[in-house]
Amino acid sequence: MKRSLAVAVLIVVSLPLWLEDYYQHIMILVCLFGYLGICWNILGGLAGQLSLGASLFFGAGAYTYSILHYREALPFGMSVGLAVLLVLILAIAIGIPTFRFGLSGVQFSMATIAFAEMARILVLHEPFLGAAEGFSLPFQSVYPSKLEYCYIIIALLVSAAVAFWWLEGRNAGLALKLVREHEATAEATGINARASKLAALCMSAAGIAIGGIFYAEYFLYLHPDSEFGFDVSVRIAAASIFGGRVSVLGPVIGSAILTPLAEGSRALVGVGGRGVHQIIHGLALIVACVFFPSGIVDGIRRVISEGLRRYHGRDA
Amino acid sequence: MLAQALLSGLIMGGIYALVSIGLTLIFGVLKIVNFAHGDFVMLGMFLAYSCFRQWGLHPFNSALIAFPVFFVVGFLIERGLIEKTHRREQDIQIILTLGIAAVIQGLCTFLFTPAFRTVTVTGLAEVVSIGSLVISKAKLFGFLAAVLFTCLFVAILKFTSLGRAVRASADNPVGALLVGIDLPFVRSTAFALGIATVGMAGALVMPFLNVSPEVGALFTLRAFVIVVLGGMGSIQGTLAASLCIGLLESMGAALLSDSLKQLPIFFVFVVALYLRGSGDIDPEIKSYQPSALDLRR
């Protein structure tokens, strides 16, 4: 198991070196949405709070960083720090009342949508943030080729995966799982459910904000409809839900399946076939819900173990 | 100026009532979280648009076609997809309906391109003036039709045996089964009815609203705002909330600015969620459901 994992990691890490430009781009997107999915999963999977407003943190991170770094000419580290700080403040400001009033399930999802939409409308209105024209970063990107971006996002992905894995096994992770399964029991065992959920929201938001900063640096153009839009939130959530919400691997596999499907169909069918990627995305979600409600990773695992059982059964 | 905003808000409120009364049934009563709701409005608009382009059919006539078409579509979707998620957590339903929404949106983008489309009906282009107030005929007739169909819908829910069955199975699924109500059939029919009214609403608004594949999400969000604000499942509440949201939107546009007109809606939405916030929607009914379905199978 360990050896196969090492081989897989080696292949993935060497992949950008011999891929063409376009495939490097796809790989960056796969890793980006895998990374965002893992971050989303801290709140959505571990804590079981289905957030559909991840775009709020994504957009806030991207916008704050770009404006501080490029318009106000603050140093890189400081801009990133301030962007993450702002997103944390946002997350706390949203999280405290939301969990205080006991919003969970659908109501939590709807509240997150509402907050993200409010942010989108405000940014779309505010001339300081570029309003409907969007915000363009200097056309000269920091790195000359896609290779560097590829490795940056792989590094982010791996560190997020390790962090998630570490969190999952610790008391804090177990507490979150218990809150997800049964909040009253969690409270009875002395876990502060509200504080755990708030912590999960903050971690998730900070991670997503860093993803937003990467996105800004890579695409060099920000627009309220694409950064704060509902589509981004759904895309982030879809990657981890399709892959499986309880494991580290889920979002990565989910993104590795969904992103190439969406991008590939966009490239294959061309401009005439606009909307095809949405259809594929939607169909993938529907299939996942009807056949693999606990995610594709779990589904595959179950199919394999079922096959093995049959195989051995016939042998015996 | 303010009176004009009030009037147009009221008119839009009437339209929203027809859109969200279907969601009241689906989300408030049946507890199906349908995030594809607004996309069916959009689909209805495109139906009316293509009927108009192809055969010159008046959008109000298309509304009558839309009803049976969307009824069948809704029935099939409930039977084929949503029913499979009844026993599961609501998260799965949210994702499933988001998937359905994406498919509808993608399909419309594929068929009609993302451009905005309009329909100009000759008889409805002029305006009616009441004193100093002006209202376009298209909006006025759309409003009247919406009010009529909303009343019809409410009457069905209140006075027919189907309506009684729907309300009974929402109140207490086990009890409904015991008195001989075919629960899955009633659920599918009610869902189909909700979708049918929404498709019809789409056709009715076509003469005065632009349609593009992206307008669906806006309708979905508005409809959820209205249903939550109206108390999830209360018909009177939904009607009142529709008018409130219509007014809020037009006042927002008049007092703030056109680009900020939706801000107050979401603000009110969040406040409404906080004030109502009590975790899952009716946990008691949720825990009833599996056993009720087990009885049948």
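The values are calculated or read from the model by the stated rules, or taken from the named source; none is laboratory data. For clarity, every value in this text was computed on a predicted model and none was experimentally measured. Neighbour counts are summed over all protein chains in view; Cβ atoms, including those assigned to glycine, are modelled from backbone coordinates with ideal geometry. Heavy atoms of the whole protein, side chains included, go into the accessibility calculation; ligands, DNA and RNA do not. Shrake-Rupley method; radii C 1.70, N 1.55, O 1.52, S 1.80 Å.
Quick notes on this one:
- Sites A:TRP166 and A:SER305 - FRET efficiency at Förster radius 22 Å, r taken between beta-carbons, to 0.05: 0.25
- Interface residues in segment A:105-125 - accessible area drops by 50 Å² or more relative to the isolated chain, probe 1.4 Å: A:VAL106, A:GLN107, A:MET110, A:MET118, A:ILE121, A:HIS125
- Carbon + sulfur, % of accessible area of chain B - ligands and nucleic acids excluded, 1.4 Å: 67 percent
- Helix B:37-55 and the longest principal axis of the Cα set of chain B meet at an angle near 50°.
- Burial here means at least 30 square angstrom less accessible surface with every protein chain in place than with the chain by itself, probed at 1.4 Å; in segment B:226-262 the buried residues are B:SER259, B:LEU260.
- What you get for segment A:92-240, charging only the Cβ of Lys and Arg (+1) and of Asp and Glu (-1), is a dipole of about 460 debye around the Cα centre.
- Extreme residue, positive dipole direction of chain B, given options B:VAL227, B:SER169, B:GLY131 (C-beta unit charges): B:SER169
- Over chain A, dividing the summed -39,500 (n - 2.57) contributions of all DSSP H runs of at least 4 residues by the number of residues returns a 222 nm mean residue ellipticity of -25500 deg cm²/dmol.
- In this view, the solvent-accessible surface of B:GLU214, computed with a 1.4 Å probe and all protein chains in place, comes to about 130 Å².
- Shielding by partners, peptide B:78-90 (average Cβ within 10 angstrom, other chains): 2
- Segment B:LEU10-B:LEU76, length gained on full extension (0.36 nm per residue, minus Cα span): 20.3 nm
- For A:PHE135, distant residues with modelled amide H under 5 Å away: A:LEU222, A:HIS223
- Å² of accessible area per residue within the protein assembly as shown, as computed with a 1.4 Å probe and no ligands counted: 42 Å²
- Counts of other chain beta carbons within 10 angstrom of each beta carbon in peptide A:287-294 average 5.
- The residues neighbouring A:GLY134, those whose beta-carbon lies less than 14 Å from its own, together hold a net charge of -2 under the Lys/Arg +1, Asp/Glu -1 convention.
- For chain A, with all protein chains in place and a probe radius of 1.4 Å, 69% of the accessible heavy-atom surface sits on carbon or sulfur.
- The distance separating the Cα centre of segment A:23-41 from that of segment A:172-193 comes to 30 Å.
- Computed over chain B with a Gaussian network model linking Cα atoms closer than 10 Å, the most mobile of B:ILE92, B:ILE245, B:ILE21 is B:ILE92.
- Summing both sides, the accessible surface hidden between B and A at a 1.4 Å probe radius is close to 3900 Å².
- Rounded FRET efficiency, nearest 0.05, which uses the C-beta distance separating B:THR120 from A:VAL9 and R0 of 45 Å: 0.15
- Applied to segment B:205-217, the Karplus parametrisation 6.51 cos²θ - 1.76 cosθ + 1.60 on θ = phi - 60° returns per-residue 3J(HN,Hα) values of 8, 4, x, 10, 10, 7, 10, 9, x, 8, 6, x, 4 Hz, with x for Gly and Pro.
- With each label modelled as a point 7 angstrom along the Cα→C-beta vector, the A:ARG71-A:GLU20 pair spans 3.9 nm.
- Longest exposed-site-free window of chain A, the sites being GluC sites (Glu not before Pro) in a DSSP loop that have at most 15 other C-beta atoms within 10 Å: A:73-316
- 14 Å beta-carbon shell around A:GLY37, net charge (K/R +1, D/E -1): +2
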